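Beneath this line is the structure, given in structure tokens, with notes to follow.
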Amino acid sequence: MIAELGHLALAAALVVAVFQTVVPLYGAARGDSTLMAMAQPAALVQFAALILSFGALTHAFVTSDFSVSNVAANSHSLKPMIYKVSGVWGNHEGSMLLWVLILSLFGAAVAAFGGNLPESLRARTIAIQGMIGIGFLAFILFTSNPFERVVPPPIDGRGLNPLLQDIGLALHPPMLYLGYVGLSTTFSFAVAALLEGRVDPSWARWVRPWTLAAWVALTAGIILGSGWAYYELGWGGWWFWDPVENASFMPWLAATALLHSAIVVEKRDALKSWTILLALIAFALSLLGTFLVRSGVLTSVHAFAVDPERGMFILVLLAIAIGGSFALYAWRAPTMEGGGVFRPISREGGLVLNNLLTATAAATVLIGTLYPLALETVTGEKVSVGPPFFEATFVPLMVPLVIAVGIGPLLAWKRGDLAGALHNLWAAAIIAISLGLALAWLQGAPVGAALGMALAAWLGVAVLTELADRIRLFRVPLSSSLSRAAGLPRAAYGMTLAHLGLAVFIVGAVGETFFSAEVVRYASRGDKVEIAGHTLTFEGVTERAGPNFNAQVGTFVLENGQRLESERRFFPAEGQQTTEAAIRVRPAGDLYAVLGEPADGDRWTVRVYHKALVMWIWVGGFLMSLGGLVSLADRRLRVGAPAPRRERTALAAAGGDD
Amino acid sequence: MTRKNQRIALIVGGLAFLGIAAGLVLTAFEDSVVFFFSPTDLRAEPVDPERRIRVGGLVESGSVERGPADAEIRFNVTDGNSTLTVRYVGILPDLFREGQGIVAQGRLQNAVFQADEVLAKHDETYMPKEVADALKKQGHWKDGESPYPDAQETGAQQTGGGS
């Protein structure tokens, strides 16, 4: 019964979405305030209907209602409660429902918080958001109904892929979707601006917080996914350049570019048309990602089901959204007036360079991701494009970017003084060069490692120099510096944190790539494994029973007596085996021990890694995300749309009131 | 700098970056694209032993044996017509089983495939697409059928459409 209600609510949401699209657009074209004002209640009602629908599916999972075929296919009565809940989005249908739920959340948020947007811009933005909703609600209702019943219901479910039974899955997809789908808001704003034929600094001020919010969630989602892969897949990789990862990384790159170009629109009224284009591209890449992951053209842990009909449906949606918005762009963009002029060496110039490099990087990732698909379609030849390709294209583009990120914030608007900026950065340059040389000569590190660490040092010191420069540290009395520091806008701290996060991330990525060590061997009880200055004693294997699995536990004891336990788990319900690595986390590097197959007698294959500096990757990603959040809290970003005093958590409640 | 000059500078700059990117992409493709072969393909055409390639097929039942060296494993991969011996040092993925489809990446040296990576996909019922196609080509697998029973159940499970 509740499942049918959920289905009904989903259908109702589609009807409301149609209303939300048609009425405000017509109203905006006619200049009719009453019709335009229909947008807000419609967006809120659509959100409420989808909460109801999502709640119904969650209810079916929590109560293990196996008469719903989706639950029967993806859940199991013995599964721990948290994985019953996260299992709601651990399958194709449920994850699409989460997708539209978040889409409508953003529509409702514009309706609730966009109180002082110009009436027609708000109506059009909400209408476009509704239009995207129509496409995806239809997709769910016609191809991926999560509420379909099975008769007769099975006695128990087929279970969830054990790899997905993890706290990482509870957090990673919702966070990633908040980012992915959050870019729909920027897209809707961009299309609405094209319809209005007007982009001005206040438009950028309205759009930036939404981009920033999506970017923060996307960054956190990607980092969570990376961390999940690192500890769960049992081989200690944190980024594979897998097409599915690229699917989230491309929108991230575009959103990063957009975030920076929106600053130029806001401050200098320039780059408008490019910023609009980026907003369209960012969401187009999100949609492309959804297509790649959901259509089954790629097979991976993310591809829950393979169904060409679904792929075609999303492809058509993709074509309409991208084709339509780009056509509109081609038609309307030339009418937009250019804004302030600037010299190449200026803050704007730096931000343009950022845009060129991140956009080019996104393009190379796109080519690498789509090339195998294209080649197979055209010639039938099967190739794979792996990390070597992306390292050879992406990394060289990032080197100048990182150098520029250090300099850019020190340049003035309109006309910057490069010599002056570089003069400020002598300390950063000396530290970076001496660190690089020391690593290469004294430590004998590979050139790439020395270069990477030098870049990280350059960026880190440059970011701190810029902050010191802003508060005139050591040039005025300390108390005066401190009061300057207190007076700095939060957006300035946000930038500092995010750029510092990038430096920290580079340390981790370079460290893990070049300084990690690995030992694979047979071990029996009492054998010692030596790695990176540590000695681990293998203590053999014992059996242990978990809630819905049986485990063989291999114990390694460190020289200080610390015990590391790696498990091989067998899940009878799913008939599947997983490996749980034992990880000892330290800033200098993780010890990562894995129990492999039994060899002969009491010998087991064991694999021990020392993952140098890997923790810095997560810390760096966290800092970037935190920087975005701090920026989001900036008062200035509220000038265009002063956020109500209510906290963001009030968003969830917004469906009910107003 | 006038607005027109600025626009020209931006366009020239953008094109320069695209050019650099195109150069990077093309050189990287030449070196790093990994081609897929079935054991039959490899018997028909020799491959440069220095070139990294992928091979795929079913792990032949009873062929998995542990080698003399630590953590060394040898097994045969077959597409029904030809088999190829694969040597790998390390821990096999959790989903590696005899009779299961796998893809290995590495180099073919002296008729033995020296794998540095063995991929069995995360989903238990998953047959790597390349392997499925290679088997089809040899006439050992038709759509909707599967060499192992689990995969058939997924086939049934996928009829989710309609409302």
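Derivation of every value follows stated rules applied to the coordinates shown; laboratory data play no part. Every value quoted in this text rests on a predicted model; they were computed, and no experiment measured them. Don't worry about glycine lacking a Cβ; one is built from the backbone with ideal geometry, like all the others, and counts go over all protein chains shown.
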Any trypsin sites (Lys or Arg not before Pro) in the range B:19-108 that lie in a DSSP loop and have at most 13 other Cβ atoms within 10 Å would be B:Arg51
Subtracting the Cα-Cα distance from 0.36 nm times the residue separation, let me have the gained length for A:Met81 to A:Trp441 in nm, one decimal.
124.1 nm
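Classify chain A from the C-alpha gyration tensor, please: rounded if a/c falls under 1.5, else prolate or oblate depending on whether a/b exceeds b/c.
It is oblate, given that a/c is not under 1.5 and a/b is not larger than b/c.
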Tell me the relative contact order for the range A:93-152 as a rounded percent, counting alpha carbon contacts under 8 Å between residues six or more apart.
51 percent
For A:Lys528, list the aspartates and glutamates whose Cα falls under 13 Å from its own Cα; do not include residues on the same chain fewer than 8 positions away.
A:Glu539, A:Glu559
Can you tell which of A:Gly94, A:Thr21, A:Ser120 lies farthest toward the positive end of the dipole of the range A:1-165, using +1 and -1 charges on the Cβ of basic and acidic side chains (Lys, Arg; Asp, Glu)?
A:Ser120
Hey, can you rank A:190-202, A:497-509 by average C-beta count inside 10 Å, highest first?
A:497-509, A:190-202
With a cut-off of at most 15 other beta carbons within 10 Å, and DSSP calling the residue loop, which chymotrypsin sites (Phe, Trp or Tyr not before Pro) in the range A:447-494 qualify? Please list them.
A:Phe474
Relative packing of peptides A:310-319, A:558-567 - highest average C-beta neighbours within 10 Å first:
A:310-319, A:558-567
On each of the three principal axes of the Cα atoms of the range A:1-165, give max minus min coordinate, whole Å, ordered largest first.
58, 27, 21
Using the Cα centre of the protein assembly as shown as origin and beta-carbon charges of +1 (Lys, Arg) and -1 (Asp, Glu), tell me which of A:Ala220, B:Gln138, A:Ala247 is placed farthest towards the positive end of the dipole.
A:Ala220
Of A:Phe505, B:Val64, B:Pro93, farthest towards positive along the dipole that unit charges on Lys, Arg, Asp, Glu beta carbons give the protein assembly as shown
A:Phe505
Dipole size in debye (nearest 20) for the range A:1-165 around its Cα centre, Lys and Arg Cβ +1, Asp and Glu Cβ -1?
180 debye
How many partner chain Cβ atoms sit within 10 Å of a residue's Cβ in peptide A:145-154, on average, as a whole number?
1
Classified through the alpha carbon gyration tensor (a ≥ b ≥ c as square roots of its eigenvalues; rounded if a/c is under 1.5, else prolate when a/b is larger than b/c, else oblate), the range A:99-256 comes out oblate
Expressed as a whole number, the average count of other chain Cβ atoms within 10 Å around the Cβ atoms of B:4-11 is 3
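Please sort A:400-411, B:9-20 by packing, taking for each peptide the average over its residues of neighbouring beta carbons within 10 angstrom, highest first.
Highest to lowest by the protection proxy: A:400-411, B:9-20.
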Using unit Cβ charges (K, R positive; D, E negative) and no other charged atoms, how large, in debye to the nearest 20, is the dipole of the range A:148-213 about its Cα centre?
160 debye
Give me the dipole magnitude in Debye, nearest 20, for chain A about the Cα centre, with unit charges on the beta carbon: positive for Lys and Arg, negative for Asp and Glu.
2080 debye
Can you pull the mean other chain C-beta count within 10 Å for peptide B:22-31?
5
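Taking the inverse of the average 1/r across all pairs of different Cα atoms in the range A:406-516, what Kirkwood radius in Å do you get?
15.1 Å
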